[in-house]
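Below is one structure; the comments refer to it alone.
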Amino acid sequence: MGDSILCRVKNCRFNKFHLTMRHQCGGCFEFGHGQMECNEPVLRSALTNFDKDMLEQHLHCTIPDCVDPHTHLTSGHSCRFCFSFNKELHNKVLHKKKCPLNPNQINPITDNVQDYTLTKDIDFDTIASKYSLQIGECIILRGGMGSAWYIRINKDTLLIEFIMIHSDSWGQYGDDSSDMYRLNAFVYDYKIRLLDSYIGF
């Protein structure tokens, strides 16, 4: 079984360690497809044929607190929030540094209006209303110069929350300046909607 192809997403590098449904797209962060299929409805639909694939019980992930052990092997376990793989997860120092959900958060998942001098002119309630933001949905607005604003209605608190990703924080300069781990946690389990609009100050 370890040599069998489990994931049918095109160009998946870890296709022997997780099912198709557990493949996370590096573009939109949703599960069940990859970047090659992300903007191709026909290809994405074809991958749903593998949604009923199952691993035999003895192959299920054994990492403690794994939320979906039936979708991947122990050797294929990854943190849904910071992308750490199995060996990195056992390095608690590394995982704590990378994962925004660790008990001693270095960076909060959401941003605060007070963190940005320009946001005093942004009415997030108006933005949510203007774009018909729904509970469980996250919209993306361009910020200019390669930055972007992610805005959601929190499923639990129903509060409007946001995170701003600066043009230098997409991971291109390494982990120390990357906000991708925070972003992945922010959009996890939310439906993404990219808007062809710029946020106004």
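The values are calculated or read from the model by the stated rules, or taken from the named source; none is laboratory data. Quantities reported herein were computed from a predicted structural model and do not represent experimental measurements. Methodologically, a virtual Cβ is constructed for each residue, glycine included, from the backbone with ideal geometry; neighbour enumeration extends over all protein chains shown.
Here are some notes:
- Scanning segment 23-61 for residues that are touching a Phe, Trp or Tyr at 6+ places or on another chain (Cβ under 9 Å) and over 21 Å from HIS77 (Cβ atoms) gives no hits.
- Contact map, segment 157-175: residues that are under 22 Å from SER84 (Cβ atoms) paired with residues that are among the basic types (Lys, Arg) and crowded, with 17+ Cβ neighbours inside 10 Å, Cβ distance under 8 Å, separation 6+ or inter-chain. Pairs shown: ILE163/ARG182; ASP175/LYS98.
- Qualifying residue in segment 75-94 (condition: farther than 26 Å from ARG182 by Cβ, at pLDDT below 90 and loosely packed, with under 14 Cβ neighbours inside 10 Å): no
- The number of residues in segment 56-71 being more than 21 Å from the chain's Cα centre (by Cα) and assigned to a helix (DSSP H, G or I) comes to 3.
- Flag for GLN24 being polar (S, T, N, Q), at pLDDT 80 or above, buried (at least 17 other Cβ atoms within 10 Å of the Cβ) and not assigned by TED's automatic domain parsing to the domain that holds CYS138: yes
- If you go through segment 19-46 and pick out every residue that is within 23 Å of LEU183 (Cα to Cα) and not in a helix (DSSP H, G or I), you end up with 17.
- Matching residues, segment 130-159, being part of a loop (DSSP other than H, G, I, E, B), surrounded by 11 or more Cβ atoms within 10 Å (Cβ to Cβ) and of a type in the set (Asp, Glu): none
- Residue match in segment 119-129 (condition: of a type in the set (D, E, K, R), modelled with pLDDT under 80, assigned by TED's automatic domain parsing to the domain that holds TYR190 and assigned to a loop (DSSP other than H, G, I, E, B)): yes
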